[in-house]
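Input: a single structure, listed below in structure tokens.
The values are calculated or read from the model by the stated rules, or taken from the named source; none is laboratory data. Just so we're clear, the structure is a prediction, and the values are computed from it rather than from any experiment. Because the Cβ atoms are built from the backbone with ideal geometry, glycine has one as well, and the counts that use them run over all protein chains shown. Heavy atoms of the whole protein, side chains included, go into the accessibility calculation; ligands, DNA and RNA do not. Shrake-Rupley method; radii C 1.70, N 1.55, O 1.52, S 1.80 Å.
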Amino acid sequence: MLSILIVDDEVIERKALTKIINSSLKDVRVIGEAPNGRKAIEMAAEHRPDIIFMDIKMPGVDGVQAVKEIRKMDPGIRFIMVSAFNTFEYAKEVMQQGVKEYILKPSSKQDILEAVARVSSDILEERKLREEQQSLRENLERAVSIAQKEWVSSLLVNSVRDITFDEWGQLLGVEITSGYIMLLSLQPRANAELSISDRQNWYMWLKEVQKSVGKNEEMMIGQLTDSQVPVLFLCKKTEEKPKFKTSVQVIVERLHHLFQKESFQAELRIGVGLPYNHAHELNQSYHEAVLALKQLLKTPNRKYIIGVKQGSSQENPENGVLEVEKKLLEAVRQGDVNQVLYIFDTFVAKHADDKNVKAVLVKKSFDELFILLSRMLHDLGISYEQTPTIDVFEDRNVIFEKGKSHLLSVVHHVQVWRNNHAKGMLHKAKEYIEKHFADSITLESVAEFVELSPFYLSKLFKDRFGMTFIDYLTEIRIQHAKAEMVDPGKSLKEICYSVGYKDPNYFSRVFKKQTGLSPSEFRKATVSQ
């Protein structure tokens, strides 16, 4: 329902306009009348009408002055100017204020209703456009948020190779030069425990402050697991390259400043990995952040620690264990039970070599391994919530056996899922694409339909078909386009739209890239055969 304010110094004119509009139109309603420009300004501020019928010639503040004041306050209000003076100067002055409708007194009922219909149509069209743009922005933000989380998760298990800093830079509209991982941990204060709600509230807070933390970095938040969140920082190109340690200090101080404003009954501790110039190296930064956080949790009164490069003279002996963890996770992901058993023996040996390692540290190492397993399973879209309970007072050999049993159980679950569920879901995804190829389908919409994560669905296509999702969709569309070109009654533009493309020029480029011929060349070659 659109609202209208009537402004005229003549009572009869106001009442006549109100009666015509209220009795003739269903979707608009007169919500008030004003006898002069000053009152019109006051009522516009109070009611914010969609449309104002404004008489030009009135005592005191005239219609032109009132329009100027009201547009300063709310430029979205539309005006229909009414005057008994058919002069160019009046029309010119109101047109300069963006007013498009101008009717003369006495006005016929038809003139009045047509003017309202035109302005109403403009308003509704503008609102629809704003809603569509808002929806597109929200969908883009949601898609980017999902993509960021999926990408960060995949980096942790070193399972992504084909996404580069350049591609993320194009999406974000900035040039990315390097990246590094921070591992944020929420630690309960003395004699306190963290509930699931506490961790979720902290995670939501982290998302809220995401855009206000780094000045020269884009911040991507990964999945919350237990009380830890991996955060990827992508460093933007700047005229003066800031020092890494200085940038980290600024970010950490900012995070702690914002954290202390909240009422969390916990402490924020941060392990920081080193920066790398290539996306595939970020897994290294993550493991450096893990080691740094481990060291930090043993060190009181420190907010953060920056890790050291593995292989350096300062390297922590636990790095060897982390390298084995990476290989173990990859073997689990592939469902390779023999490789898992072989690598697990190495994992056990790394702990068993040092007889001084206490059971509590072995338990901590397994707990961290189980967290990584949980992240990996979530990343693959596999639902598996079982995690063994390890007692700190148990013998190390008992802990090893429990860990081995859990790993074998997870591997078996992955094998079954890969052989059955994933295969079925991929077939279902193919059927969906082949049925809806002409629609505006996306990787996210297909993934939602088959109940897989977008990242894993994309990886399935690459593993099983040797092509990406978009390559497969393009192949299907071009196949149908080629089939339709046999019909001479269909124009190339019609074919373009019928197979899911909105831009004939783009369709032509894609078609030529796939076939080596432009659509018109292909049609000529087909007809001549």
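In the structure displayed, which of Lys435/Lys482; Lys435/Lys462; Lys19/Lys100; Lys72/Lys109 lie more than 19 Å apart, Cα to Cα? Working shown, then result.
Numbers: Lys435/Lys482 17 Å; Lys435/Lys462 21 Å; Lys19/Lys100 23 Å; Lys72/Lys109 31 Å.
Beyond 19 Å between Cα atoms: Lys435/Lys462; Lys19/Lys100; Lys72/Lys109.
How much of the accessible area of region 195-234, probe 1.4 Å, is carbon plus sulfur, in whole percent?
Working: 770 of 1740 Å².
Percent of accessible area from carbon and sulfur atoms in region 195-234: 44.
Between Gln110 and Glu69, what FRET efficiency follows from the Cβ-Cβ distance if R0 is 51 Å, with the result rounded to 0.05? That gives a FRET efficiency of 0.95.
Residues of region 499-529 with an amide N closer than 14 Å to a point placed 7 Å from the Cα of Lys493 along the Cα-to-Cβ direction: 502-506.
Accessible area per residue for region 184-241 in Å², computed with a 1.4 Å probe and the full protein assembly in place, what is it? It would help to have the intermediate numbers written out before the result.
Working: 3240 Å² over 58 residues.
Solvent-accessible surface per residue comes out at 56 Å².
Modelled spin labels at Leu124 and Phe465, positioned 7 Å past Cα toward Cβ, are 4.2 nm from each other.
Compute the relative contact order of region 1-83 as a whole-number percentage, counting only Cα pairs closer than 8 Å that sit 6 or more residues apart in sequence. 33 percent.
Ordering Cys496, Cys235 by accessible area with a probe of 1.4 Å, largest first, what comes out?
Working: Cys496 0, Cys235 20 Å².
Descending order: Cys235, Cys496.
The mean sequence separation of alpha-carbon pairs under 8 Å and at least six residues apart, normalised by the residue count of region 9-135, gives a relative contact order of 18 percent.
Solvent exposure of Asp439, expressed as accessible area, is near 80 Å², computed with a probe of 1.4 Å over the protein chains only. The simple spin-label model puts a point 7 Å past each Cα toward its Cβ; for Asp439 and Glu193 those points are separated by 4.7 nm.
The heavy atoms of Thr18 present about 20 square angstrom of accessible area, all protein chains included, probe 1.4 Å.
Given a cut-off of under 8 Å on Cα pairs at least six residues apart, what relative contact order in percent is computed for region 388-521? Before the final figure, lay out the partial values.
Numbers: 86 pairs, mean separation 21.9, N = 134.
Relative contact order of region 388-521: 16 percent.
Largest to smallest in accessible area, the residues Glu46, Glu101 fall in the order Glu46, Glu101 (1.4 Å probe, all protein chains included).
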